[in-house]
Amino acid sequence: MPSPLSPSLTMNDGITIPQLGLGVYKVPDPEATRVVVDAIDLGYRHIDTAAFYDNEVGVGRGIRESGAPRDDLFVATKVWHDRHGFDETIASFDESLDKLGLDYVDLYLIHWPAPTQDRYVDTWRALERLRDEGRARSIGVSNFKGHHLDRLAAETGTVPAVNQIELHPRLPQSETRAYNHAHGILTEAWSPLARGTLLEEPTLVTVAAKHHKTVAQVVLRWQLDLGNLVIPKSVHRARLASNLEVFDFALDADDLAVFAALESGERTGKDPDLFF
């Protein structure tokens, strides 16, 4: 089995996390097993799933079938908005752990703040408990904006290790990234390729050709250079391999100007202030 290919970053709790991982959103449960086995075989060590993805069973099976030592892997999952609240979150975590077939997860996230429910602080307190018990080694959030994070800090005193947000060249999230950095929170990019809609962007095709790389590879390099964690998804072994081939070239100032010109504020997902 190859050694891990991705560098790691250190979270504010002192635990390291591979910077480049595998996302499995919309991967059907049976297929998730094969994808995870392929990814680990290729050198991935960071797997990101969620209760909402309905593939934790397949992910867990893939982890076991890979033969990789558990301590070599970094596994993240998330609580969905319909299980917010202290007791509900603990129960949801227990279900996720059972489906994964694991004794612990490396990172547990609140999937969305769901502000109209106004329960994410109680949910966060449940994550604190899970961390204190050692069943979730690190805790974080997904799709949180600065004012959501301010409230967590004010009411609990605990700063998330990670904030996973939609982030790609059209939506570089400069304000949230700056907030995260100022508060010692790592930014993690979901939909890093804007759900594939960037792959035929003419200006990026030109940048990719210049470096003898694919568009996906140059976008992932841009993500890594920003200091982001990034979790591209693919179900194809060749693309899984290709997404790891991003550590042997560098973008220059002209390339970065091309990326900057793509900013439009366009989301592929929901605005966290308006979702649930």
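No lab work stands behind these numbers, since they all come straight from the coordinates. Predicted model, so just to flag it, every value in this text is computed and none were measured. Here the Cβ positions follow ideal geometry from the backbone for every residue, glycine too, while neighbour counts run over all protein chains shown.
Taking the Cα centre of each part, how many Å lie between the stretch 113-141 and the stretch 221-265?
30 Å
Which of the aspartates and glutamates could a cross-linker span from Lys210 if the Cα-Cα distance has to be under 16 Å and same-chain partners fewer than 8 positions apart are dropped?
Result set, ordered by chain and number: Glu200, Glu201, Glu245, Asp248, Asp252, Asp254, Asp255.
For the chain, what relative contact order do you get, as a whole percent, if you take Cα pairs closer than 8 Å and at least 6 residues apart?
Here the relative contact order equals 19 percent.
Taking each full run of DSSP H in the chain as one helix, which ones are at least 30 Å long along their axis (Cα atoms) and have mean Kyte-Doolittle hydropathy of at least -1.0?
none
Taking R0 as 25 Å, what FRET efficiency do you get between Thr158 and Ser8 from their Cβ-Cβ distance, rounded to the nearest 0.05?
So the FRET efficiency works out to roughly 0.65.
Full extension from Glu263 to Thr16: what is 0.36 nm times the residue separation minus their Cα-Cα distance, to one decimal in nm?
Net length gain for the segment: 85.9 nm.
In terms of modelled amide H atoms, which long-range or inter-chain residues lie less than 5 Å from the amide H of Leu9?
Residues meeting the amide H criterion: Ile17, Gln19.
Under a Cβ-only charge scheme (Lys and Arg +1, Asp and Glu -1), can you give me the dipole magnitude of the stretch 61-146 about the Cα centre, in debye to the nearest 20?
Dipole magnitude for the stretch 61-146 comes out near 240 debye.
How big is the charge dipole of the chain about its Cα centre, in debye rounded to the nearest 20, if each Lys and Arg gets +1 on its Cβ and each Asp and Glu gets -1 on its Cβ?
340 debye
Hey, can you grab everything whose amide H is under 5 Å from the amide H of Ser138? Only 5+ residues off in sequence or another chain; H modelled, so Pro and N-termini drop out.
Those lying under 5 Å, H to H, from Ser138 are Leu107, Tyr108.
Can you tell me the length gained on complete extension of the stretch Arg34 to Glu200, counting 0.36 nm per residue apart and subtracting the Cα distance?
Here the answer is 57.0 nm.
So between Leu274 and His183, what do we pick up on full extension, going 0.36 nm a residue minus the alpha carbon distance?
30.3 nm
Could I have the simple spin-label model distance between Asp150 and Phe247, label points 7 Å from Cα toward Cβ, reported in nm to one decimal?
3.9 nm
Treating only the Cβ of Lys, Arg, Asp and Glu as charged (+1, +1, -1, -1), what charge dipole size does the stretch 140-260 show about its Cα centre? Round to the nearest 20 debye.
For the stretch 140-260, the charge dipole is close to 360 debye.
Rounded, prolate or oblate for the stretch 59-179? Axes are the square roots of the Cα gyration tensor eigenvalues, ordered a ≥ b ≥ c, and the cut-off for rounded is a/c under 1.5.
It comes out oblate by the Cα gyration axes.
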